[in-house]
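Report on the following structure.
The values are calculated or read from the model by the stated rules, or taken from the named source; none is laboratory data. This structure is a prediction, so every number in the text was calculated from the model and none was measured. When we count neighbours, we look across all protein chains shown, and the Cβ atoms used for this are built from the backbone with ideal geometry, even at glycine.
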Amino acid sequence: MSTPLSRFEAHCDAGKAPWDIDKPQPIFTAVADQVTGPVLDVGCGTGEHALFFASRGLQVTGIDFVEEAIRRARAKAAERRLSVEFLVKDALTLGDLGKRFASAIDCGLFHVFSDDDRRGYVQGLTQVVEPGGLLFLASFSDEEPGTDGPRRVSRQELYDTFVDDWEVESIQPIQFEVNPGTDYTYSEGGPKGWLMIARRKK
């Protein structure tokens, strides 16, 4: 049976994953002025978002459970002469980091989790994001037709999952840019998603 880890590892072994576009997603560059450090990039992949925010002078930690993705992220950081802490780590054990962050970003991680894992993930985010800190989360949307790609997420699911310790400030429709070489079929202009901005309650 294929696991999320084995699927992500297979994408890395094959070369570029569909979401690996050699630059940050425009949806994150558009909100960059709202992101303050220190920043946690959860499920950072090969590091484009972490490196982007580091290039803006922010202290950034990026985590991913795929070792090859972290290896590539570290190589990019060295090549670009940027300082980012990249760690091989499971996003379901965020509480073990022993750090607090003013901002957290999640580009395409939340939607891979089961319902139970979602709850554990949000509990971990609550532990590591400072009260008053912001979470910027981009996920696949239930408005994306077909079955290619990850699990779809509804706007209401986002509200319901972050109801306790977070205040959802906005959920806006977006479209992801994807690697043009992908075999998946998506909506014209890229798969549809949501960008949620939520604030950790004080």
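Return yes or no: is Q156 farther than 17 Å from D106 by Cα, at pLDDT 95 or above and not basic (K, R)? Spelling it out, Q156 is indeed farther than 17 Å from D106 by Cα, at pLDDT 95 or above and not basic (K, R). Checking F162, F176 one by one, the residue that is buried (at least 19 other Cβ atoms within 10 Å of the Cβ), within 22 Å of T46 (Cα to Cα) and not small (G, A, S) is F176 and no other. Could you check K201 against (1) buried (at least 18 other Cβ atoms within 10 Å of the Cβ); (2) in contact (Cβ under 8 Å) with a residue 60 or more places away in the chain; (3) over 15 Å from the mean Cα position of the chain (by Cα) and say which number it fails? Single failed check for K201: (1). Exactly one condition in (1) modelled with pLDDT of 95 or more; (2) more than 16 Å from N179 (Cβ to Cβ) is false for E9; which is it? Of everything listed in (1) modelled with pLDDT of 95 or more; (2) more than 16 Å from N179 (Cβ to Cβ), E9 misses just condition (1). All of G62, G57 fail the test of being under 17 Å from the mean Cα position of the chain (by Cα), at pLDDT 95 or above and not hydrophobic (A, V, I, L, M, F, W, C), apart from G62. Within region 78-91, if we keep just the residues that are under 17 Å from P38 (Cα atoms) and of a type in the set (A, V, I, L, M), the residue that is surrounded by the most Cβ atoms within 10 Å (Cβ to Cβ) turns out to be V84. Return yes when G146 is modelled with pLDDT under 95, over 27 Å from G57 (Cα atoms) and either under 15 Å from the mean Cα position of the chain (by Cα) or not β-branched (V, I, T) (or both) and no when it is not. Yes. On the stretch given as region 55-70, residues that are in contact with a strand residue (DSSP E or B) (Cβ under 8 Å, 6 or more places away or on another chain) and either assigned to a helix (DSSP H, G or I) or closer than 15 Å to L82 by Cα (or both) total 7.
Residues that are among the charged types (D, E, K, R) and closer than 19 Å to G133 by Cα were ranked within region 97-118; the one that is surrounded by the most Cβ atoms within 10 Å (Cβ to Cβ) is D106.
Entry remark, region 28-54: residues being in a loop (DSSP other than H, G, I, E, B) and under 24 Å from T93 (Cβ atoms) number 8 in total. Restricting region 159-202 to residues that are among the hydroxyl-bearing types (S, T, Y) and out of contact with any helix residue (DSSP H, G or I) (no Cβ under 9 Å at 6 or more places or on another chain) leaves a set whose member that is nearest to E48 (Cα to Cα) is T182.
Residues in region 129-164 that are of a type in the set (F, W, Y) and free of Cβ contacts under 8 Å to residues at least 60 places away in the same chain: F140, Y159, F162. Each residue in region 12-38 was checked for being closer than 13 Å to R72 by Cβ and at pLDDT 75 or above, and 3 of them qualify. Exactly one residue among V168, V128 is in contact with a Gly (Cβ under 9 Å, 6 or more places away or on another chain), surrounded by 15 or more Cβ atoms within 10 Å (Cβ to Cβ) and not charged (D, E, K, R), and that residue is V128. Evaluate the following for V122: is it crowded, with 18+ Cβ neighbours inside 10 Å, in contact with a strand residue (DSSP E or B) (Cβ under 6 Å, 6 or more places away or on another chain) and either under 28 Å from A54 (Cα atoms) or not aromatic (F, W, Y) (or both)? Answer is no for this residue.
Residue count for region 17-40, restricted to those that are more than 15 Å from L195 (Cβ to Cβ) and buried (at least 23 other Cβ atoms within 10 Å of the Cβ): 2.
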